[in-house]
1. Dividing the alpha-carbon Rg of the chain by 2.2 N^0.38 Å yields what?
2. Normalised by the residues of the stretch 94-191, what does the relative contact order come to in percent, with Cα pairs under 8 Å and at least six apart?
3. Sort 159-169, 105-115 for me by packing, meaning the mean count of neighbouring Cβ atoms within 10 Å per residue, highest on top.
4. What shape does the stretch 6-80 take by its C-alpha gyration tensor, where a ≥ b ≥ c are the square roots of the eigenvalues and a/c under 1.5 counts as rounded, a/b above b/c as prolate, and the rest as oblate?
5. Could I have the simple spin-label model distance between residue 35 and residue 151, label points 7 Å from Cα toward Cβ, reported in nm to one decimal?
6. If R0 is 41 Å, what FRET efficiency do you get for residue 112 and residue 22 from their C-beta distance, rounded to 0.05?
7. Calculate for the chain the 222 nm mean residue ellipticity that helices alone would give, adding -39,500 (n - 2.57) per DSSP H run of length 4 or more and normalising by residue count, nearest 500 deg cm²/dmol.
8. Does anyone have the angle between helix 88-106 and the longest principal axis of the chain? Alpha-carbon axes, 0 to 90°, nearest 10?
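Nothing in this text is a laboratory measurement; each read-out follows from the coordinates by a stated rule. Small disclaimer: the values here were computed from a predicted structure and weren't measured. Here the Cβ positions follow ideal geometry from the backbone for every residue, glycine too, while neighbour counts run over all protein chains shown.
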Ligand SMILES: Nc1ncnc2c1ncn2[C@@H]1O[C@H](COP(=O)(O)OP(=O)(O)OP(=O)(O)O)[C@@H](O)[C@H]1O
Ligand SMILES: [Mg+2]
């Protein structure tokens, strides 16, 4: 990376490529530390959830289909910097699980994913991940957070149970499936 970044001084294309690779490398570094964070006391630090959500949206945006069965991702922040005490590595994992599920739900048809953040009047933050896919059938709503529950061929049913554990146990927050007429909407509430 350093060699590439050095060369980038004279070559704009190399500089842009090096910047992307640096971002991916930093993400991989955080991903590599995910599991070890689960079993330990949470390392809570100030996390600006608007920055985190922007970064995750950017990551997925450059990886979802854009030519056929297009998936669009947009982000809305109701407030400026929105800082909570949290474990960035784990919170990022939670939002990635939700966005990944939304992408899965839209696969083959395309659709829209809306990420949003807002300050809660009583303090803390709410992060919402909403898609306009088929949604979760009413009778399955209580089961989606169960470990091992999956409706996907080859699905592990791990994502939501893990995400809920991170939000509830490590952050004393709440992860919920919001009742909606269309699509699926998940709220992460943090203090
Ligand atoms: N956005 C969504 N739209 C529709 N159904 C969803 C959505 N998110 C989750 N689900 C349902 O909840 C189930 C459980 O999700 P979870 O992420 O825990 O497991 P999975 O995606 O099936 O497998 P994996 O462990 O690989 O993520 C899914 O199989 C799906 O039926
Ligand atoms: Mg999943």
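1. Details: Rg = 17.6 Å, N = 191, 2.2 N^0.38 = 16.2 Å.
With N residues counted in the chain, Rg over 2.2 N^0.38 Å equals 1.09.
2. Working: 164 pairs, mean separation 29.3, N = 98.
Computed over the stretch 94-191, the figure is 30 percent.
3. Numbers: 159-169: 19.3, 105-115: 17.6.
In descending order of packing, they fall as 159-169, 105-115.
4. Numbers: a/c = 1.77, a/b = 1.22, b/c = 1.45.
It comes out oblate by the Cα gyration axes.
5. 3.0 nm
6. Values: r = 30 Å, r/R0 = 0.73.
The calculated FRET efficiency here is 0.85.
7. -11500 deg cm²/dmol
8. 70 degrees
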